[in-house]
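Enquirer: Here it is, the structure, as structure tokens.
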Amino acid sequence: MLERIMAINDVINEIIWGAPILFLIVGGGIFFTIFTNFITFRKFGYAIKQTGLSIFNDDEEGEGQVSAFEAVSTSLAASVGTGNIAGVGTAIAIGGPGAVFWMWLAAIFGMATKYAEIVLTIEYRDRTKDFRFVGGPMYYIERGTGQKWLAIIFAFLGGVATLGIGNMVQSNSVADVLESSIGIDPLMTGIVLAVLSALVIFGGLNAISKVTAKVVPLMAGLYIFGGVLVILLNYDQIIPAFQMIFVDAFTGTAAFGGFAGAGLSMVIRYGVARGVFTNEAGLGSGPIAHAAATTDHPVRQGLWGIFEVFFDTIVTCTITALVIIMTGVWTSGEVGAALTSLGFSEGIPYGEHMVSIGLVFFAFSTILGWSYYGERCFEYLFGPSSKVIYRIIYIPVIAVGAIGGLQEIWDIADTLNGLMIIPNFIGLLWLSPVVVRLTKDFFGSGGIYEKEQQH
């Protein structure tokens, strides 16, 4: 039965992650980059100053349910996950070093896509009877385009996808690395993760955002510190590593060592797919968390989208990739988190334990973030009372995912990711004039940006 399901999934996956969707993802990012007059390049410094460099600034104006940083922490918690460790390891193990270049490319233009998503989610967010702010693609598709059927499709796909990308993939990656590094039974890992997640998830968005606001900076800081240390200790391999990334990006990679070899199409496919998996630009998931943010203008919150993609892929994923390539372990035959763990262990003493700890925190925070996404999708489809039913389904699946096969789960998650992209991009392109109008309103003559510069 499983073989039949995977065979069907493989066919769908080949269609979804073929040339049309890859063109849509990268092409859509290029479209929004140009259509917003290169806002992600022209105002990149301002975006970083307003976001990453002011994360502890509580001086926020406007309406919202949680602070802008708590909202972005929930979004980052969902995106800065095992994709940064296991996803990069999988991309390089299957597509070779050149996949990193295509991951970068997807991220560079993905910044504009995520900016547009968040701008629209704030513009079209709704307020419930119990004074909660809700939003995301299903809301801007319905309220902006009037095509409720398309919004329903997205919500359905999003609700189901959370069980894969945000749940089983995370627990499976943790179980895999903990079993290989310190011999913990995968089922035990799954049970512990499920219990800890339940304690936070049943507290709702406020509990999730409070936890992620503390966990995300800590986990990211520790992981980046370890990765940078490995890179500095192997500094003589920095230039060769970048040369390998750029050359292989356009030629593919020959088979040697434990690496099976990869043609150019595979290099591009896995680079773009894992890039989307790590930063979620175009998926429409992150904006669901941003909808609750306290902000005075959609564009101000949209700037966090630029920061998210940059920090997630250009910074964190690049560090992981360099560790794997510079230590030479990418030809070992290992895949996913095990490959990244091997790279760290080769680079610094007890490096594999640093990856294990980082992966646990990354996955835990991702599970929390995606549980919120799923709840909102279920609420949109079935009403507020359905969130309890969703939690009852979501939490046991964490333990189930821990004992599943890594490749099967990743493949299913890839398929669901691709399906989410289609209705979301239709909504994004339909409402692109709204993104341009709001961008001009913020950065144009007499706008908020101009007034801030005068002070």
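Enquirer: Quick check: with the 1.4 Å probe, what order do Ser209, Ser332 take by accessible area, largest first?
Expert: Largest to smallest exposure gives the sequence Ser332, Ser209.
Enquirer: Quick one: give the max-minus-min coordinate of the C-alpha atoms of region 273-354 along each principal axis, largest first, in Å.
Expert: The Cα atoms of region 273-354 stretch 49, 24, 18 Å along their principal axes.
Enquirer: For the chain, what are the DSSP H helices with axial Cα length of 27 Å or more and mean Kyte-Doolittle hydropathy of at least 1.0?
Expert: 99-123, 204-233
Enquirer: Which sequence of Lys214, Lys43, Lys387 reflects their accessible areas, 1.4 Å probe, from the largest down? Provide the component values of the computation, followed by the final result.
Expert: Numbers: Lys214 145, Lys43 35, Lys387 60 Å².
Of Lys214, Lys43, Lys387, the descending order of accessible area is Lys214, Lys387, Lys43.
Enquirer: Something else now. Compute and list, largest first, the equivalent-ellipsoid semi-axes of region 345-408 from the alpha carbon gyration tensor, each √(5λ) rounded to a whole angstrom.
Expert: That gives 33, 13, 9 Å for the three semi-axes.
Enquirer: Here's another thing I want to ask about it. Can you compute the equivalent ellipsoid semi-axes for region 173-240, i.e. the square root of 5 times each eigenvalue of the Cα gyration tensor, sorted largest first and rounded to whole Å?
Expert: One finds semi-axes of 31, 20, 7 Å for region 173-240.
Enquirer: Under a point-charge model restricted to the Cβ atoms of Lys and Arg (+1) and Asp and Glu (-1), what is the dipole moment magnitude of the chain relative to its Cα centre, in debye to the nearest 20?
Expert: Computed charge dipole of the chain: roughly 880 debye.
Enquirer: With the Cα gyration tensor of region 215-320 giving a ≥ b ≥ c as the square roots of its eigenvalues, does the rule (a/c under 1.5 for rounded; else a/b larger than b/c for prolate; else oblate) give rounded, prolate or oblate?
Expert: Numbers: a/c = 2.85, a/b = 1.62, b/c = 1.76.
Oblate is the answer for region 215-320, as a/c is 1.5 or above yet b/c matches or exceeds a/b.
Enquirer: Tell me, what is the per residue accessible area of region 106-204 in Å², probe radius 1.4 Å?
Expert: On a per-residue basis, 36 Å².
Enquirer: At q = 0.06, 0.07, 0.09 Å⁻¹, what is the log10 ratio I(q)/I(0) for the chain, with the Debye formula run over Cα points and no solvent?
Expert: -0.22, -0.31, -0.52
Enquirer: Kindly identify region 262-306 as rounded, prolate or oblate by the Cα gyration tensor criterion: order the square roots of the eigenvalues as a ≥ b ≥ c, call it rounded if a/c is under 1.5, otherwise compare a/b with b/c, prolate if a/b is larger, else oblate.
Expert: prolate
Enquirer: Leaving ligands, DNA and RNA out of it, report the carbon-plus-sulfur percent of the accessible area of region 109-190 at a 1.4 Å probe.
Expert: Carbon-and-sulfur percentage of accessible area, whole number: 60.
Enquirer: Quick check for me: using +1 on Lys/Arg Cβ and -1 on Asp/Glu Cβ, what's the dipole size of region 229-374 about its Cα centre, in debye to the nearest 20?
Expert: Here region 229-374 has a charge dipole of around 220 debye.
Enquirer: Using a Förster radius of 35 Å, what is the FRET efficiency between Tyr46 and Ala207 based on their Cβ-Cβ separation? Nearest 0.05, please.
Expert: 0.60
Enquirer: If you count, for each residue, the other Cβ atoms within 10 Å and average over each peptide, how do 351-360, 296-305 line up from highest to lowest?
Expert: 296-305, 351-360
Enquirer: Let me ask something additional. Restricted to Cα positions, what overall size does region 1-43 have along the principal axes? Three whole-Å values, descending.
Expert: Principal extents (Cα only, largest first): 52, 16, 9 Å.
Enquirer: Could you work out the relative contact order of the chain, using alpha carbon pairs under 8 angstrom and six or more residues apart, expressed as a whole percent?
Expert: In percent, rounded to a whole number, it is 35.
Enquirer: Something else now. Could you pull the Cα extents of region 312-455 along its three principal axes, largest to smallest, in whole Å?
Expert: 56, 45, 28
Enquirer: While we're on this one: If I stretch the segment between Asp236 and Lys440 completely, what's the gain in nm (0.36 nm per residue apart, minus their alpha carbon distance), one decimal?
Expert: Residue separation times 0.36 nm, minus the Cα-Cα distance, leaves 68.8 nm.
Enquirer: Output the Kirkwood hydrodynamic radius of region 141-192, Cα pairs only, in Å rounded to one decimal.
Expert: With all distinct Cα pairs of region 141-192 included, I get 13.1 Å.
Enquirer: Another one. What whole-number value in Å² describes the accessible area per residue of region 344-455 for a 1.4 Å probe?
Expert: Working: 4530 Å² over 112 residues.
I get 40 Å² per residue for region 344-455.
Enquirer: Using helices alone, what [θ] at 222 nm do you get for the chain, with -39,500 (n - 2.57) per DSSP H run of 4 or more residues, divided over all residues and rounded to the nearest 500?
Expert: Here the helix-only value at 222 nm equals -23500 deg cm²/dmol.
Enquirer: How big is the shadow of the Cα convex hull of region 93-245, averaged over all directions, in nm²? Please report the intermediate quantities before stating the final value.
Expert: Details: hull surface 51.6 nm².
So the mean shadow area of the Cα hull is 12.9 nm².
Enquirer: Distance cut-off 26 Å, Cα to Cα: go down the list Lys114/Lys214; Lys214/Lys451; Lys129/Lys440; Lys43/Lys214; Lys43/Lys129 and report the pairs above it.
Expert: Too far apart for the 26 Å limit: Lys214/Lys451; Lys129/Lys440; Lys43/Lys214; Lys43/Lys129.
Enquirer: With every protein chain left in place and a probe of 1.4 Å, what is the accessible surface of Lys49, to the nearest 10 Å²?
Expert: 130
Enquirer: By accessible area of protein heavy atoms, probe 1.4 Å, what ranking do Met188, Met1, Met326 get, highest first?
Expert: I get Met1, Met188, Met326, largest accessible area first.
Enquirer: How far, in nm, would the chain grow between Val160 and Ser265 when pulled straight, counting 0.36 nm per residue and subtracting the alpha carbon separation?
Expert: So the extension gain works out to 34.9 nm.
The values are calculated or read from the model by the stated rules, or taken from the named source; none is laboratory data. As the structure is a prediction and not an experimental result, all values here were calculated from the model. Note that we place each Cβ from the backbone using ideal geometry, even for glycine, and neighbour counts take in every protein chain shown. Each accessible area value is taken on the protein alone, full model and side chains, heavy atoms only, with ligands, DNA and RNA left out. Shrake-Rupley method; radii C 1.70, N 1.55, O 1.52, S 1.80 Å.
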